[in-house]
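Below is one structure, written out as structure tokens, with a few remarks after it.
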Number of protein chains: 2
Amino acid sequence: MTIGSGVGVLDKAAAILNALENGPTSLSQLVDLTDISRPTVHRIAQSLVHHGLVGRDMHGRFELGNRLVELASAAGEDRLVSAAGSILIKLRDITGESTQIFRKQGDFRVCIASAERPIGLRDTIPVGTQLSMKAGSAAQILLAWEDNERMVDGLHHARFTPTILAGVRRRGWAQSLGEREPGVASVSAPVRGQSGRVIAALSLSGPIERLTRQPGKIHHEAVTSAAHELSELLRVQNDHI
Amino acid sequence: MTIGSGVGVLDKAAAILNALENGPTSLSQLVDLTDISRPTVHRIAQSLVHHGLVGRDMHGRFELGNRLVELASAAGEDRLVSAAGSILIKLRDITGESTQIFRKQGDFRVCIASAERPIGLRDTIPVGTQLSMKAGSAAQILLAWEDNERMVDGLHHARFTPTILAGVRRRGWAQSLGEREPGVASVSAPVRGQSGRVIAALSLSGPIERLTRQPGKIHHEAVTSAAHELSELLRVQNDHI
DNA sequence: GTATCACGTCTCATTATTTGAGATTCAAGT
DNA sequence: ACTTGAATCTCAAATAATGAGACGTGATAC
């Protein structure tokens, strides 16, 4: 199994939080999912409840807690989602294509904001949709700047290669053709947090017929510009606090 | 000092995460803020980095990490912010007043979504604004359903009383006059997560001249209806995953 | 160029905490 | 009323975590 971090209790706590990522979970299920003994899971989960990082639902099952969301809010997540709305709408109106923001979530990427092209043939991805990290231009962006271990792990069974990801880092954007779904093309660029780390991918997607076989050529400037604008917006807001 | 949860390492880890809520922090600052010895803070912080709950910025300072935000996203936070936009706009258009969503963050409440009345005299609260938990109808909502210990602690120096909070729980909404700012009135209602817990407060605010000295009488139905609609939206989306 | 200082990282003897088998309690099902 | 399964609790034993002090590094002062 995975190597520890040097603090066993935190390894176990992290395993419990990871298990809770999939929704409310009973004690027995946590024991099965984490392979930790029952009293130990119980004690650590109760401690996490005490600190608000975990809660209990109406059936007594454990779930991710409010304090965790508070900390994420402090890390800027709410501002990202809130600010993204207007920027996605602007990019949609400029390009005439649907636009989205994706964030990594475990082994998937999840859509956390979107602006849909209102009429005609379009790629619809509702907020909350979970897509694979193995295909698509957003997956390339979310993986390209990861540390080596996580990148190698992510490339396992992926439809792109280390060479493609090196190109993504060089150009600052990624494109894909029919990777996630036949007939769909997409372009993505990185959204960076205050520390420069990639925290999300800003994407534009639509039919290959309109975007051609080189969607990046047509749209990379608009997409990278919107992603940069969003990154700057987040940086400015942080400085005001 | 605060009593422990029964797992000392998690108490220390929680203290470190709480300290990071205020932004990037050096090791020395963490040692000062948490009163934990230097090698211990270093070891626990490194372990949290390993699990992604904490990151390092370009100056080597510790900060809240991406994995924490991923977990918050899984807990529904992004969907809340995304879904809130359209509901706040609708409530604004129906009532003609500015509307907001607040979430608790440490000893404050923070605005995570807002829709501003476009013209004339209006109460403007930009996203990211931190307001006091000691005054205002949103603070009453965020406190009314807390467990007893947290409620008693929150009422210390507050401009409302346990009796007022009991009325809030009975009616399902709160109102305030000039508590946060002279001349401003507001009405708020609870937004509940899947487990029924209060996760945010949905508010409407404006000048007392328009909202009168009983803003709840005029607007409580529209506000509670919007808050309920948002709660239902979150519940439905969770069931689809 | 050298010395000093402050911060971050690492080591390991010592100390304290965590662990988990088994007991107890409780609620649901028959 | 009895059985079953899950959650919670206890405490002797085992293991991990602790923190004083050493080391490494970079910045600053002289």
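If you take the residues in region A:1-12 that are more than 8 Å from chain B (Cβ to nearest Cβ) and not in a loop (DSSP other than H, G, I, E, B), which one is nearest to the chain's Cα centre (by Cα)? Looking at residues that are more than 8 Å from chain B (Cβ to nearest Cβ) and not in a loop (DSSP other than H, G, I, E, B), I get A:Lys12.
Checking region B:168-185 against the condition returns no match, with no residue being in the same structural domain as B:Gln100 (by TED's automatic domain parsing), of a type in the set (Val, Ile, Thr) and part of a loop (DSSP other than H, G, I, E, B). Out of the residues in region B:110-130 meeting the condition of being within 10 Å of another protein chain (Cβ to nearest Cβ) and touching a Lys or Arg at 6+ places or on another chain (Cβ under 8 Å), tell me which one is surrounded by the most Cβ atoms within 10 Å (Cβ to Cβ). The extreme case among them is B:Ile112. Restricting attention to region B:1-14 and to residues that are among the small types (Gly, Ala, Ser) and over 23 Å from B:Met58 (Cα atoms), the residue that is nearest to DNA strand D (Cβ to nearest atom) turns out to be B:Gly8. Of note, B:Leu53 satisfies the criterion of being aliphatic (A, V, I, L, M), modelled with pLDDT of 90 or more and in contact with a helix residue (DSSP H, G or I) (Cβ under 6 Å, 6 or more places away or on another chain). The residues of region A:21-42 that are more than 15 Å from DNA strand C (Cβ to nearest atom) and farther than 27 Å from B:Ala200 by Cα amount to a single one, A:Gln29.
Against the list (1) crowded, with 20+ Cβ neighbours inside 10 Å; (2) more than 12 Å from DNA strand D (Cβ to nearest atom); (3) in a helix (DSSP H, G or I), the condition A:Gly55 fails is (3). Quick one: count up the residues across region B:18-38 that are assigned to a helix (DSSP H, G or I), among the β-branched types (Val, Ile, Thr) and either within 14 Å of chain A (Cβ to nearest Cβ) or away from DNA strand D (no atom under 11 Å from the Cβ) (or both). So the answer is 1.
Within region B:85-95, the set of residues being among the basic types (Lys, Arg) and surrounded by fewer than 20 Cβ atoms within 10 Å (Cβ to Cβ) comprises B:Lys90 only. Say whether the condition of being modelled with pLDDT under 85 and more than 16 Å from DNA strand D (Cβ to nearest atom) is met by at least one residue in region A:94-104. No, that holds for no residue.
Conditions tested, residue by residue: (1) touching a Leu at 6+ places or on another chain (Cβ under 7 Å); (2) not in a helix (DSSP H, G or I).
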{"site": "B:Ile94", "(1), (2)": "no, no"}
{"site": "B:Ile101", "(1), (2)": "yes, yes"}
{"site": "B:Ile141", "(1), (2)": "no, no"}
{"site": "B:Arg150", "(1), (2)": "no, no"}
{"site": "B:Phe160", "(1), (2)": "no, yes"}
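Here the condition is being in contact with a Lys or Arg (Cβ under 6 Å, 6 or more places away or on another chain) and buried (at least 17 other Cβ atoms within 10 Å of the Cβ); of A:Ser5, A:Ser82, A:Ser98, it holds for A:Ser98 alone. In this structure, is A:Gly154 outside any strand (DSSP E or B) and within 29 Å of B:Gly85 (Cβ to Cβ)? Judged against the criteria, A:Gly154 is not a match. Checking the condition part of a strand (DSSP E or B) and crowded, with 17+ Cβ neighbours inside 10 Å, which residue from A:Leu234, A:Leu202 passes? After applying the criteria, what remains is A:Leu202.
Do the conditions hold for B:Ala15, that is, is it among the small types (Gly, Ala, Ser), more than 7 Å from chain A (Cβ to nearest Cβ), farther than 12 Å from A:Ala72 by Cβ and touching a residue at least 24 places away in the same chain (Cβ under 8 Å)? Taking the combined requirement at face value, the residue does not satisfy it. Selection of region A:43-67 for residues being without any contact (Cβ under 8 Å) to a residue 40 or more places away in the chain, in contact with a Gly (Cβ under 8 Å, 6 or more places away or on another chain), within 30 Å of B:Gly23 (Cβ to Cβ) and of a type in the set (A, V, I, L, M, F, W, C) yields A:Leu48, A:Val49, A:Leu53, A:Val54. Filtering region A:63-79 to residues that are modelled with pLDDT under 85 and more than 7 Å from chain B (Cβ to nearest Cβ) leaves only A:Gly76.
Every condition in (1) surrounded by fewer than 17 Cβ atoms within 10 Å (Cβ to Cβ); (2) among the small types (Gly, Ala, Ser); (3) within 8 Å of DNA strand C (Cβ to nearest atom) is met by B:Ala45 except one, and the failing one is (1).
The residue list A:Ala139, A:Ala185, A:Ala189, A:Ala166 contains one member that is farther than 17 Å from A:Gln214 by Cα and either crowded, with 20+ Cβ neighbours inside 10 Å or touching a residue at least 24 places away in the same chain (Cβ under 8 Å) (or both), which is A:Ala139.
The values are calculated or read from the model by the stated rules, or taken from the named source; none is laboratory data. As the structure is a computational prediction, the values presented were derived from the model and not from experiment. In this analysis, Cβ positions are derived from the backbone assuming ideal geometry, glycine residues included, and neighbour counts consider all displayed protein chains.
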